[in-house]
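Provided herewith is a single structure, encoded as C-alpha cells, for subsequent inquiry.
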Amino acid sequence: MKHPPSLARLIDALHALPGIGPKTAQRLAFRLLQDERAVAQELSRAMDHALASVGRCRRCRMLAEGELCPLCDSASRDDSQICVVESPADVIAVENSGAYRGRYFVLMGHLSPLDGIGPAELGLHELALLLQDERVREVILATNSTVEGEATAHVVSEMARARGLAVTRIAQGVPMGGELEYVDGGTLAHALAGRQNVR
Ligand SMILES: [Zn+2]
C-alpha cells in the first residue's frame, strides 16, 4: 500500500536522518500526525527558526546565533590555547569536562578526499589566520581517534608547527574505571606508548 504523497515525503525526510531506519521513520511520522500534532507544529516552527537564525561563528566555526559564539565572545577564556575538534558536539563534550578554559576551532568534519572533504571544507585557511594571533601558544588536537581523525590531526599539527607553536594531542587509552582485560589491543598499545612518569 502506498502512502499519500505528503506523508511519504515526511517519512522520507525523517529517514534521511542518521540512525533512523524506514520503519522508525514511518512510526515517527504516524505518531506526529496522530497524537502529537502540537509537538509536530512546535518541531516545525523550531526547525524553521533555527535554520534561519543559527549559522557559524565567524572565528571558530561553532554553531552560533550571531557573529560570534558565546565561547569566542567571552573575555574570560585563555587566548593562548586553541583546541581543534571535529564537531560542535565535541566542543560541548570538552566544555562539560570542565577541564579546559581555552579557545576552540571546529573543523565540521575530517579530511576525507573520497567524499570531497579537503582543507577548504574544514576551514583550514581560517584556522591558519587564527594561528597568526600572537597570543596563541599551543594547539591542542582533539580530533577523533579514527584513521581520518588522525590524518586530520597530522595536517593541522604541520600547520601549527610551521608557525612555531606547541602542538599537543589529547591522550588516548584506557577509559576511567576501565578494566585492562576488556580494552582492545589497539587502545592498549596507544595507552602503553603514551605512558607517563608517576609523580
Ligand atoms: Zn566561536
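For the range 47-88, name all the residues that are in contact (Cβ under 8 Å) with a residue 24 or more places away in the chain, more than 18 Å from Arg135 (Cβ to Cβ) and more than 11 Å from the ligand (Cβ to nearest atom).
Matches in the range 47-88: Val85, Glu86.
Next question, about the same structure. How many of the residues in the range 104-132 are hydrophobic (A, V, I, L, M, F, W, C), within 16 Å of the ligand (Cβ to nearest atom) and not in a helix (DSSP H, G or I)?
Looking only at that region, the number is 5.
Restricting attention to the range 168-189, which residues are out of contact with any His (no Cβ under 6 Å at 6 or more places or on another chain) and touching a residue at least 24 places away in the same chain (Cβ under 8 Å)?
Hits for the range 168-189 are Thr168, Arg169, Ile170.
Right, something else. Can you name the condition, by its number, that Thr152 falls short on among (1) loosely packed, with under 14 Cβ neighbours inside 10 Å; (2) within 20 Å of Leu131 (Cα to Cα); (3) among the hydroxyl-bearing types (Ser, Thr, Tyr)?
(1)
While we're looking at this one, here's another question. Considering only residues that are touching a helix residue (DSSP H, G or I) at 6+ places or on another chain (Cβ under 6 Å) and closer than 18 Å to Phe105 by Cβ, look in the range 19-77 and name the one that is surrounded by the fewest Cβ atoms within 10 Å (Cβ to Cβ).
Leu63
Are there helices (runs of 4 or more DSSP H) fully within the range 1-97 with at least 2 residues that are in contact with a strand residue (DSSP E or B) (Cβ under 9 Å, 6 or more places away or on another chain) and not polar (S, T, N, Q)? List them.
Ranges flagged: 70-73, 88-97.
Next question, about the same structure. So, in the range 176-190, exactly how many residues are closer than 18 Å to Thr143 by Cβ and either assigned to a strand (DSSP E or B) or not hydroxyl-bearing (Ser, Thr, Tyr) (or both)?
Residues meeting the conditions: 2.
Read the figures in this text as sums done on the coordinates, not as results from a lab. Computed from a predicted structure; not experimentally measured. Don't worry about glycine lacking a Cβ; one is built from the backbone with ideal geometry, like all the others, and counts go over all protein chains shown.
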